[in-house]
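The values are calculated or read from the model by the stated rules, or taken from the named source; none is laboratory data. Since this is a predicted model, take the numbers as computed values, not measurements. Positions of Cβ are backbone-derived with ideal geometry, glycine not excepted, and every protein chain shown enters the neighbour counts. Surface areas here come from the heavy atoms of the whole protein model, side chains and all, with no ligands, DNA or RNA. Shrake-Rupley method; radii C 1.70, N 1.55, O 1.52, S 1.80 Å.
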Amino acid sequence: IADLKKRAIHRSRILRGQMKGLEKMIENEDYCMDILTQSLAIQKSLSSLNKLMIENHLKTHVTDNLSSADKRIQADTITELLGLYELTYVRGK
């Protein structure tokens, strides 16, 4: 888990740098395709960070919650994951 945290922080810092670069490109009125390329790279980085966070959540909270004797905790965890699925794959499409 410490490794996942380290990797997530590293990716977050990369994103911060990419966002600063994007802002500078916009301010400088760089070529639109270059700005779009940078924006897409940021989206890819965000996706990578999200994957890392999901991995961490599954290995920790979800595993613990689904093995809980409390059926409400199990149900809440399933609802949470379904909400994430909906947010990721259904909305805006």
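What the table shows:
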| item | result |
| --- | --- |
| Residue in region 39-60 that is over 23 Å from Ala8 (Cα atoms) and either at pLDDT 95 or above or among the hydroxyl-bearing types (Ser, Thr, Tyr) (or both) present | no |
| Where a residue in region 63-86 is without any contact (Cβ under 8 Å) to a residue 40 or more places away in the chain and under 16 Å from Met53 (Cα atoms) and its partner, wherever it lies, is surrounded by 11 or more Cβ atoms within 10 Å (Cβ to Cβ) and of a type outside the set (Val, Ile, Thr), with Cβ under 8 Å and at least six apart | Thr77/His61; Thr77/Asn65; Thr77/Leu66 |
| All positions within region 12-41 that are out of contact with any helix residue (DSSP H, G or I) (no Cβ under 7 Å at 6 or more places or on another chain) and farther than 24 Å from Met53 by Cα | Glu23, Lys24, Glu27, Asn28, Glu29, Asp30, Tyr31, Cys32, Met33, Leu36, Thr37 |
| Residues of region 4-50 that turn out to be open to solvent by less than 90 Å² (accessible area, probe 1.4 Å) and more than 15 Å from the chain's Cα centre (by Cα), as a count | 11 |
| Filter result (aliphatic (A, V, I, L, M) and open to solvent by less than 70 Å² (accessible area, probe 1.4 Å)) within region 51-65 | Leu52, Val62 |
